[in-house]
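Values in this text are rule-based calculations from the coordinates and carry no lab data. What you see is a predicted model; the values in this text were computed from it and never measured. Cβ placement follows ideal geometry from the backbone for every residue including glycine, while neighbour counts extend to all protein chains displayed.
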Amino acid sequence: MRIDEIRELSDEDIQKQLDNTLRELMNLRFRNASRQLANNAQIGQARKIIARLRTVVREREIQGITL
């Protein structure tokens with residue numbers, strides 16, 4: 001998910017996406033710990049998406065924007 005796509009989402013959609021991605025990251029970490037994860041890069045990708053989502057949330061808090 002690109003930053004432009006995230007900025008077009010509403011606050012509620014961003015929060016839902018953030019919750020889903022955090023849940024996905026937790027599952028990826030469990031799968032990695034039990035040696036069931038074939039592609040370790042998925043963990044990094046999930047973390048980047050979370051960072052992008054949180055960045056947009058923070059930008060909106062600072063600017064006072066609500067969609």
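A few remarks follow.
- Cut-off 15 Å (backbone N to label point 7 Å along Cα→Cβ of residue 57), residues of region 1-27: 6-7, 9-26
- 15 Å beta-carbon shell around residue 38, net charge (K/R +1, D/E -1): +3
- In the chain, the trypsin sites (Lys or Arg not before Pro) that fall in loop regions by DSSP, at most 14 other Cβ within 10 Å: 2, 35
- Between 0 and 90°, nearest 10: helix 41-63 axis offset from the chain longest Cα axis: 20 degrees
- Axis of helix 11-33 versus longest Cα principal axis of the chain: the two differ by about 10°, to the nearest ten degrees.
- Considering only Cα atoms, the convex hull volume of region 3-63 works out to 73 Å³ per residue.
- Rel. contact order, % - alpha carbon contacts under 8 angstrom, at least six apart, the chain: 49 percent
- Net +/- balance of residues flanking residue 56 in space, Cβ distance below 15 Å, scoring K and R +1, D and E -1: -1
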